[in-house]
Amino acid sequence: MDAKRFHHVGALMLWNNKSMLDPQPGQNPKQHWQKVLYKRQPFPDNYVDQSFLEKLRKNVHARQYQYWAVVFESGVVIQQLCSVCVFVVIWWYMDMGLLAPQWLFGAGLISSLIGYVLFDVVDSGMGRTQSGQTRWADLKNSVVFVAFTYGFSPVLKTLTESISTDTIYAMSALMLLGHLIFYDYGANAAIVSSALSLNMAIFASVCLASRLPRSLHAFVMVTFAIQIFALWPMLQKKLKAQTPRCYVVVTMLFALLALAGLLTISRVGTVLFALLLVSISCLCPYCLIRLQLFKDNIHGPWDEAEIKEDLSKFLR
């Protein structure tokens with residue numbers, strides 16, 4: 001509730017009920033009013049005294065943000081925007097015939113091996129020990145995925161032949177936008193769904209891969225989508241938790257790589273994308289901190305009751 005409106009309503013209530021504030025004939029002036037319903041009192045039901053606003057509290061749950069801490073947290077958004085940008089740039093290069101699928105597959109394989117080693121080095125293998133996942137199991141899963149993707153690549157290539165190219169591009173754009181919306185940025189919200197976000201990104205990659213020249217292109221494109229939308233965020237989360245400075249450096253280098261790739265396609269798009277990244281990483285945190293000064297939430301005994309006790313035991 002707005003504080004000014006609440007004060008206005010409270011003052012109006014006290015003014016209209018001024019006759020109720022004064023002791024009525026026949027009432028004991030020494031008897032104090034109690035805010036209870038189970039006790040009979042010589043006061044009207046809508047009676048309030050001068051202590052109406054004594055327990056008013058403002059901004060009880062307000063959080064104090066630090067600018068550079070918010071900038072650091074915005075790196076997750078920057079990472080996902082750059083991932084989408086890099087994916088689209090790579091697809092454009094393959095569609096135009098400027099990038100051979102063999103080169104992309106080799107570069108992705110080498111990058112995956114380096115990231116796999118770094119994933120264990122960052123936390124000294126503690127995560128692997130706790131999960132119980134072995135390297136042999138990881139190798140088997142990778143081989144099965146590559147084999148199935150390669151085997152179904154002719155199907156992926158011809159899956160959307162009956163759909164127009166404009167519709168494919170529109171669906172891909174919507175799916176990539178949904179991937180950004182539903183991605184888990186670390187916020188505890190109902191809209192967050194990591195599985196839905198990843199599925200939408202893979203669906204977009206399948207749609208775009210179906211417009212590439214050959215089945216090998218489709219296979220490499222879907223494989224690259226798994227690497228950049230599934231494996232790359234896992235490494236970034238590990239770097240953010242274990243080595244924050246390294247995470248900042250990697251985020252900046254990744255953003256420069258995305259801008260450099262986009263610059264080869266469109267200068268206007270590069271400028272707009274750079275402005276978007278600067279706005280999210282610098283301007284939005286500043287606006288968030290400034291808007292905290294205008295927060296005016298009020299709390300008091302009139303708030304709805306909140307049950308903080310764990311009631312799951314009663315549901316068994």
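The values are calculated or read from the model by the stated rules, or taken from the named source; none is laboratory data. On a predicted model such as this, the values are computed, not experimentally measured, just so you know. Please note: Cβ atoms are built from the backbone with ideal geometry, for glycine as well, and neighbour counts cover all protein chains shown. Note: accessible area is taken over every heavy atom of the protein model, side chains too, but ligands, DNA and RNA are not part of it. Shrake-Rupley method; radii C 1.70, N 1.55, O 1.52, S 1.80 Å.
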Contact order normalised by residue count of the chain, Cα under 8 Å, 6+ apart, percent:
31
To the nearest 0.05, how large is the calculated FRET efficiency for L291 and L53 if R₀ is 35 Å and r is the Cβ-Cβ distance?
0.85
Which far-off residues, 5 or more places away or on another chain, put their amide H under 5 Å from the one on I298, with H placed in the peptide plane?
N59
Rounded to the nearest 10, the angle in degrees between the Cα long axis of helix 135-158 and the longest principal axis of the Cα atoms of the chain comes to 80
Please say if the chain is rounded, prolate or oblate, where rounded means a/c under 1.5 for a ≥ b ≥ c the square roots of the C-alpha gyration tensor eigenvalues, and otherwise the choice is prolate for a/b larger than b/c and oblate otherwise?
prolate
With r defined as the distance between the Cβ atoms of A260 and A62 and R0 fixed at 45 Å, what FRET efficiency is calculated, to the nearest 0.05?
0.65
So, for the chain, what is the accessible surface per residue at a probe of 1.4 Å, expressed in square angstrom?
67
Vicinal HN-Hα couplings computed from phi for the range 269-283 (Karplus, 6.51 cos²θ - 1.76 cosθ + 1.60; Hz; Gly/Pro x)
x, 5, 5, 5, 5, 5, 5, 5, 5, 5, 5, 5, 8, 10, 6
Of the accessible area of the range 162-255, computed with a 1.4 Å probe and all protein chains kept, carbon and sulfur make up a percent value of 70
Identify which of Q79, Q102, Q34 has the largest mean-square fluctuation in a Gaussian network model of the chain, with springs joining Cα atoms closer than 10 Å.
Q34
Relative to the longest principal Cα axis of the chain, at what angle does helix 75-95 sit, 0 to 90 degrees, rounded to 10?
30
Ignoring ligands, DNA and RNA, what percent of the 1.4 Å accessible area of the range 23-139 is carbon and sulfur?
62
Rounded tilt (10° steps) of 194-209 against the dominant C-alpha axis of the chain
30
Specify the residue with the greatest mean-square fluctuation among N297, N46, N141, computed from a Gaussian network of the chain linking alpha-carbon atoms under 10 Å apart.
N46
Expected unfolding gain across V192-D138 under the 0.36 nm per residue rule, minus the alpha-carbon gap, is 16.7 nm
Give the accessible area for S210 in Å² (nearest 10); use a 1.4 Å probe, count only protein heavy atoms, and leave out ligands, DNA and RNA.
10
With θ set to phi - 60° and the Karplus curve 6.51 cos²θ - 1.76 cosθ + 1.60, what are the ³J(HN,Hα) couplings of the range 220-229 in order, to the nearest whole Hz, using x for Gly and Pro?
5, 5, 5, 4, 5, 5, 4, 5, 8, 9
Pick out which of V206, V250, V222 has the largest mean-square fluctuation in a Gaussian network model of the chain, springs linking Cα atoms closer than 10 Å.
V250
